[in-house]
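Visitor: The structure follows.
The values are calculated or read from the model by the stated rules, or taken from the named source; none is laboratory data. What you see is a predicted model; the values in this text were computed from it and never measured. All Cβ positions, even for glycine, are placed from backbone atoms using ideal geometry, and neighbour counts span all protein chains on display. Heavy atoms of the whole protein, side chains included, go into the accessibility calculation; ligands, DNA and RNA do not. Shrake-Rupley method; radii C 1.70, N 1.55, O 1.52, S 1.80 Å.
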Amino acid sequence: MLPRSVVRLPPLPTVRDLVKLYRLTAIKQLSQNFLMDERITDRLVRAAGNIRGHHVCEVGPGPGSITRSILKKQPQHLLVVEKDPRFLPSLELLKETCKDISNMHIEIGDIMNFNLEKGLEGIVKRDWDYATPPLHLIGNLPFHVSTHLIIRWLQAISEKSSAWSYGRTPMTLTFQKEVGERIVAPMGHKQRCRLSVMCQFWCNVEYKFTIPGTAFVPKPDVDVAVVTLTPLRVPLIDMPFHMVEKVLRTVFHMRQKYCRKGIGRLFPKCVNDELTQKLLVLAEINPTAKSFELSNEDFVRICYAYKMLCDENPGLAEFDHRMPKVLRPDYEENFYSTWQASAV
Ligand code: SAM
């Protein structure tokens, strides 16, 4: 028996038949791997929680298997954003067949450039401190897109823009299994990295389940993780996103070395020892801990201490260890002369 919140869709050809009918062979460049098993797509949608009567945005619907599982849950409105126009006929068929169940809207476009705030226009905005809004983002995206996308979305969360101008919109997304493990990795975990801390600074993260690679057509080389991310009412940090991203990227650069090495890379050579020592004291960090052994709270203190040093030392915030080598001598010279002058 179907649960009360789930409806049976009107008769439709199977997704497998549609893929054959429209000759939708998977395009490797778009990393297309399709899920055909309804039990798995239903489980993925269940992982998003209650979506009945809510608004849903599905990213990368392809031929529409997850889309069908979403529609069975009767959302009020479903927006799908798909890059490959070959899927339009099968999505149009789904839209037409299910028009009495949900109001479906199809956009052919690239999610990396898509204006979600506009695409979701009309949804009542919910206060950030309140419960999550009746809006969900769901997607089984190619791995290379989902990692870039989550960083972009974390920035939007930090700015309460895009889909997060409506409130603390939760996301249920797939990642390469290893990336899913990184997202949720706690302090000391072998997968702990910049992505773990970035996600955990702004979101509550939950590893829901693993989809074996064999469930996809064609089969990818890896298993897949389903992860939900729900923006925190109070993020662990209140600092410009780019500065946080730079600090975490730099400190995790030498993951297996003592963290003081990575922290040192935040500073120009001429003041490296002095400012590294200052930061370690300000943030109360054990210099011989490795970056993956530090807690989220340790990283919060590192970020704030770095910001304090940037406020005290004009020009420091512009330093990035990835700065092209040719620009370094000029930068270091200017920085050092300002630094010496301010010390007098
Ligand atoms: N959701 C379908 C499923 O689970 O069977 C398809 C998943 S397939 C891994 C990824 C889908 O995302 C493909 O349909 C692909 O064309 C689409 N896609 C890839 N890059 C995209 C982008 N930048 N914006 C929107 N869709 C994209």
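Visitor: For residues in region 96-140 being among the small types (Gly, Ala, Ser) and outside any loop (DSSP other than H, G, I, E, B), which is nearest to the ligand (Cβ to nearest atom)? Walk me through how you get there before you give the answer.
Guide: First, the residues of region 96-140 that are among the small types (Gly, Ala, Ser): 102, 109, 119, 122, 131, 139.
Next, only the ones that are outside any loop (DSSP other than H, G, I, E, B) stay: 119, 139.
Details: Gly119: 12, Gly139: 7 Å.
The qualifying residue nearest to the ligand (Cβ to nearest atom) is Gly139.
Visitor: Among the residues of region 40-81, how many are of a type in the set (Ser, Thr, Tyr) and within 15 Å of Glu92 (Cα to Cα)?
Guide: Our first condition is that a residue be of a type in the set (Ser, Thr, Tyr); within region 40-81, this holds for 41, 65, 67, 69.
Within this subset, residues satisfying the condition of being within 15 Å of Glu92 (Cα to Cα) are 65, 67.
Here the count works out to 2.
Visitor: Which members of region 121-138 meet the condition of being crowded, with 22+ Cβ neighbours inside 10 Å and out of contact with any Phe, Trp or Tyr (no Cβ under 9 Å at 6 or more places or on another chain)?
Guide: Hits for region 121-138 are His136, Ile138.
Visitor: Looking for something open to solvent by 40 Å² or more (accessible area, probe 1.4 Å), over 23 Å from the mean Cα position of the chain (by Cα) and without any contact (Cβ under 8 Å) to a residue 40 or more places away in the chain - is there at least one such residue anywhere in region 106-120? Step through it out loud before you land on a result.
Guide: Here is the first cut: in region 106-120, the ones open to solvent by 40 Å² or more (accessible area, probe 1.4 Å) are 107-108, 110, 112-115, 117-118.
Still in the running and over 23 Å from the mean Cα position of the chain (by Cα): none.
No, region 106-120 has no match at all.
Visitor: While we're on this one: Taking into account only those residues within region 294-318 that are touching a residue at least 60 places away in the same chain (Cβ under 8 Å) and in contact with a Cys (Cβ under 8 Å, 6 or more places away or on another chain), which is most open to solvent (accessible area, probe 1.4 Å)?
Guide: Ala317
Visitor: Let me ask something else. Take the residues in region 1-39 that are more than 13 Å from the ligand (Cβ to nearest atom) and assigned to a helix (DSSP H, G or I); name whichever of them is modelled with the highest pLDDT. Even if it seems obvious, please write down each step before you answer.
Guide: Filtering region 1-39 for residues more than 13 Å from the ligand (Cβ to nearest atom) gives 1-13, 17, 20-21, 23, 39.
Subsequent filtering for residues that are assigned to a helix (DSSP H, G or I) retains 17, 20-21, 39.
Values: Asp17: 80, Lys20: 78, Leu21: 75, Arg39: 96.
Out of the qualifying residues, it is Arg39.
Visitor: What do you reckon, is His144 within 11 Å of the ligand (Cβ to nearest atom) and not in a loop (DSSP other than H, G, I, E, B)? First the steps, then the outcome.
Guide: Details: within 11 Å of the ligand (Cβ to nearest atom): yes; not in a loop (DSSP other than H, G, I, E, B): yes.
Spelling it out, His144 is indeed within 11 Å of the ligand (Cβ to nearest atom) and not in a loop (DSSP other than H, G, I, E, B).
Visitor: Taking the residues in region 240-288 that are of a type in the set (A, V, I, L, M, F, W, C) and surrounded by fewer than 18 Cβ atoms within 10 Å (Cβ to Cβ) as candidates, determine which candidate is nearest to the chain's Cα centre (by Cα). Talk me through it step by step, then tell me what you get.
Guide: The initial filter retains those residues of region 240-288 that are of a type in the set (A, V, I, L, M, F, W, C), namely 241, 243-244, 247-248, 251-252, 254, 259, 263, 266-267, 270-271, 275, 279-283, 285.
With surrounded by fewer than 18 Cβ atoms within 10 Å (Cβ to Cβ) added as a condition, the list becomes 243, 254, 270, 281-282.
Working: Met243: 18, Met254: 23, Cys270: 36, Val281: 32, Leu282: 30 Å.
Going through the qualifying residues, I end up with Met243.
Visitor: Could you tell me which of the residues Pro75, Pro63, Pro13 is touching a Leu at 6+ places or on another chain (Cβ under 8 Å) and open to solvent by less than 40 Å² (accessible area, probe 1.4 Å)? Lay out the reasoning, then the answer.
Guide: Values: Pro75 fails: touching a Leu at 6+ places or on another chain (Cβ under 8 Å); Pro13 fails: open to solvent by less than 40 Å² (accessible area, probe 1.4 Å).
That would be Pro63, the only listed residue that is touching a Leu at 6+ places or on another chain (Cβ under 8 Å) and open to solvent by less than 40 Å² (accessible area, probe 1.4 Å).
Visitor: I'd like to verify a number: residues in region 151-165 that are surrounded by fewer than 22 Cβ atoms within 10 Å (Cβ to Cβ) and either at negative phi or in contact with a helix residue (DSSP H, G or I) (Cβ under 8 Å, 6 or more places away or on another chain) (or both), how many?
Guide: Within region 151-165, the subset surrounded by fewer than 22 Cβ atoms within 10 Å (Cβ to Cβ) is 151-152, 155-156, 159-162, 165.
Cutting the leftovers down to either at negative phi or in contact with a helix residue (DSSP H, G or I) (Cβ under 8 Å, 6 or more places away or on another chain) (or both) gives us 151-152, 155-156, 159, 161-162, 165.
Qualifying residue count for the region: 8.
Visitor: In region 319-339, is there at least one residue being under 30 Å from the mean Cα position of the chain (by Cα) and either aromatic (Phe, Trp, Tyr) or at pLDDT 95 or above (or both)? Walk me through how you get there before you give the answer.
Guide: Of the residues in region 319-339, the ones under 30 Å from the mean Cα position of the chain (by Cα) are 319-324.
Next, only the ones that are either aromatic (Phe, Trp, Tyr) or at pLDDT 95 or above (or both) stay: 319.
Within region 319-339, one or more residues are under 30 Å from the mean Cα position of the chain (by Cα) and either aromatic (Phe, Trp, Tyr) or at pLDDT 95 or above (or both).
Visitor: Of all residues in region 40-77, which are in contact (Cβ under 8 Å) with a residue 40 or more places away in the chain, assigned to a helix (DSSP H, G or I) and either within 13 Å of the ligand (Cβ to nearest atom) or in contact with a strand residue (DSSP E or B) (Cβ under 7 Å, 6 or more places away or on another chain) (or both)?
Guide: The answer is Ile40, Arg43, Leu44, Val45, Ser65, Ile66, Arg68, Ile70, Leu71.
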